[in-house]
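To start, the structure under review is shown below, and the notes come after it.
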Amino acid sequence: MSNVAIIGAQWGDEGKGKVVDWLASRADIVVRFQGGHNAGHTLVVGDQTYKLSLLPSGVVRGKLGIIGNGVVLDPDALLSEIAKVTAQGLHVGPDNLRIAENVPLILPLHPALDRAREAARGEDKIGTTGRGIGPAYEDKIGRRAIRLCDLAEPATLSAKLDELLLHHNSLLKGLGAEPFAKQPLLDALSALAPKLLPFSEAIWERLDQARLDGKRVLFEGAQAVMLDVDHGTYPYVTSSNTVAGNAAAGAGVGAHMIGRVLGIAKAYTTRVGSGPFPTELHDEIGKRLGERGHEFGTVTGRPRRCGWFDACMVRQAVKVGGVQGLALTKLDVLDGLSELKICTGYEIDGVLTKRLPAAMGAQAAARPIYETLPGWSGSTRGARSWVELPAEAIKYVKRIEELVEAPVALLSTSPERDDTILVQDPFAG
């Protein structure tokens with residue numbers, strides 16, 4: 001049995017929660033390897049609905065959850081999330097949740113700077129969640145981040161806060177925002193230390209032992225390939241690498257441990273926030289997709305922009321993300337449409353292309369080239385085998401496979417965990 005890395009193959013919100021939950025039930029350890037509390041998974045277990053932003057999905061299934069060093073961690077958000085799921089009957093403690101000792105922390109000054117920058121951008125705002133993710137990653141790269149291990153060393157913590165405030169207060173003042181005083185931050189972090197340090201450890205050692213013991217590890221991404229800071233629609237992206245290759249760096253393991261890579265994609269396309277979206281629909285069909293698919297962000301509640309399936313973009317995500325198989329979700333949302341369209345390429349200033357360029361102007365100018373397929377009048381909702389699907393739905397899925405150059409390994413036909421058609425077991429290697 002191999003390990004599995006699971007990533008989004010579009011712009012996020014592909015329905016990863018259900019698929020990750022299904023995979024987590026078969027894994028021994030679930031590792032979050034990037035992102036922060038700016039993305040979420042919704043998991044439905046029996047009559048309970050869990051909305052997770054930082055906690056690895058495995059905790060819902062009683063598995064060991066790990067928050068890797070590639071994540072930026074907001075201590076207050078984590079403790080609040082633990083309290084919330086505890087109130088729902090889950091147990092989360094140091095026995096089933098471990099956090100990399102070198103994980104960077106999000107402090108109150110990070111969201112303050114995030115919001116001040118977005119306000120200053122005006123109509124050119126990126127569309128961040130305002131939760132401080134980007135500024136926290138900047139501090140990591142700038143070698144001034146406060147990390148979890150620093151909470152165990154008061155002298156180190158105090159000295160690093162001086163450097164951090166020198167940088168951030170200058171920026172905040174320049175943006176017309178209130179600067180931060182050192183002592184309240186130091187007091188707050190000192191109070192958090194006994195609550196967080198019991199979860200801390202050298203995660204790389206635990207994962208190496210898991211390898212020796214033959215345990216199955218699921219590496220869980222938070223966002224999606226087209227939001228990758230290098231390979232996505234920059235600058236309308238997140239602040240970390242979301243591709244599967246970052247699972248190794250973000251968890252402290254060798255690349256050979258990542259295993260099989262499963263990409264999650266909706267049977268149509270959605271996007272939250274600003275940025276290019278060639279197949280976006282502003283008509284009644286776009287509105288219908290949003291209503292039937294309940295397209296609102298798990299974390300922000302923002303309505304998602306909706307459009308036709310962009311095979312050109314997903315093919316690109318397959319290539320740069322290392323995707324070996326797709327989990328296609330929300331097929332049932334397309335039920336009842338008389339015809340469907342799939343984007344197979346773009347026209348940019350009269351030139352046809354099969355990729356979404358890196359340049360902002362070219363991305364904004366991209367116009368979709370569509371292939372039209374017949375829809376189906378029957379229902380796919382709840383189907384658990386191919387024979388239960390309308391013939392047109394099967395043809396639609398097969399055409400997606402051909403265009404994105406990756407097989408569909410798993411097909412989801414409703415939010416219910418067991419309404420899934422398994423084509424190939426990702427853990428089988």
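Go through (1) closer than 28 Å to HIS256 by Cα; (2) of a type outside the set (D, E, K, R); (3) over 26 Å from the mean Cα position of the chain (by Cα) for LEU389 and report which single condition fails. (1) is the only condition that LEU389 fails. Checked across the range 178-189, the condition of being touching a residue at least 24 places away in the same chain (Cβ under 8 Å) and crowded, with 23+ Cβ neighbours inside 10 Å holds for no residue.
The residues of the range 92-109 that are open to solvent by less than 10 Å² (accessible area, probe 1.4 Å) and more than 17 Å from LEU171 (Cβ to Cβ), listed by number, are GLY93, LEU97, ILE99, ALA100, VAL103, PRO104, LEU105. Among the residues of the range 220-239, those identified as among the acidic types (Asp, Glu) and crowded, with 24+ Cβ neighbours inside 10 Å are GLU220, ASP228. A count restricted to the range 327-371 and to residues that are within 19 Å of ARG288 (Cβ to Cβ) and open to solvent by 80 Å² or more (accessible area, probe 1.4 Å) stands at 2. Within the range 154-173, residues that are among the polar types (S, T, N, Q) reach partners that are in a helix (DSSP H, G or I) and surrounded by 14 or more Cβ atoms within 10 Å (Cβ to Cβ) with beta carbons closer than 9 Å, at six or more positions or on different chains, in the pairs THR156/CYS149; THR156/ASP150; SER158/LEU186; ASN169/LEU109.
Per-residue answers, yes or no, for (1) open to solvent by 40 Å² or more (accessible area, probe 1.4 Å); (2) not in a strand (DSSP E or B):
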{"position": "VAL253", "(1), (2)": "no, yes"}
{"position": "HIS256", "(1), (2)": "yes, yes"}
{"position": "VAL261", "(1), (2)": "no, no"}
{"position": "GLU291", "(1), (2)": "yes, yes"}
{"position": "CYS312", "(1), (2)": "no, yes"}
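Filter the range 110-142 for residues that are of a type in the set (A, V, I, L, M) and modelled with pLDDT of 95 or more; which is surrounded by the most Cβ atoms within 10 Å (Cβ to Cβ)? Top of the filtered list is ALA136. No other residue among ALA393, ALA406 is of a type outside the set (Phe, Trp, Tyr), in contact (Cβ under 8 Å) with a residue 24 or more places away in the chain and assigned to a loop (DSSP other than H, G, I, E, B) apart from ALA406. Given the residues LEU328, LEU352, LEU373, LEU340, which is the only one that is aliphatic (A, V, I, L, M), in a strand (DSSP E or B) and over 19 Å from ALA265 (Cβ atoms)? Of the residues listed, the single one that is aliphatic (A, V, I, L, M), in a strand (DSSP E or B) and over 19 Å from ALA265 (Cβ atoms) is LEU352. For the range 59-67, the criterion of being assigned to a loop (DSSP other than H, G, I, E, B), modelled with pLDDT of 95 or more and under 23 Å from ALA255 (Cβ atoms) is satisfied by no residue at all.
In this structure, does THR86 turn out to be out of contact with any Leu (no Cβ under 6 Å at 6 or more places or on another chain), part of a strand (DSSP E or B) and free of Cβ contacts under 8 Å to residues at least 24 places away in the same chain? The answer is no for THR86. Screening ILE141 on (1) of a type in the set (A, V, I, L, M); (2) touching a helix residue (DSSP H, G or I) at 6+ places or on another chain (Cβ under 9 Å); (3) more than 14 Å from LEU186 (Cα to Cα) shows it passes everything except condition (2). Among the residues of the range 112-144, the one identified as touching a residue at least 24 places away in the same chain (Cβ under 8 Å) and more than 19 Å from PRO235 (Cβ to Cβ) is ALA112.
Screening the range 20-40 for residues that are surrounded by fewer than 24 Cβ atoms within 10 Å (Cβ to Cβ) and not basic (Lys, Arg) and picking the one that is nearest to the chain's Cα centre (by Cα) gives GLY40.
The values are calculated or read from the model by the stated rules, or taken from the named source; none is laboratory data. Every value quoted in this text rests on a predicted model; they were computed, and no experiment measured them. Methodologically, a virtual Cβ is constructed for each residue, glycine included, from the backbone with ideal geometry; neighbour enumeration extends over all protein chains shown. Accessible surface areas use protein heavy atoms only, side chains included; no ligands, DNA or RNA. Shrake-Rupley method; radii C 1.70, N 1.55, O 1.52, S 1.80 Å.
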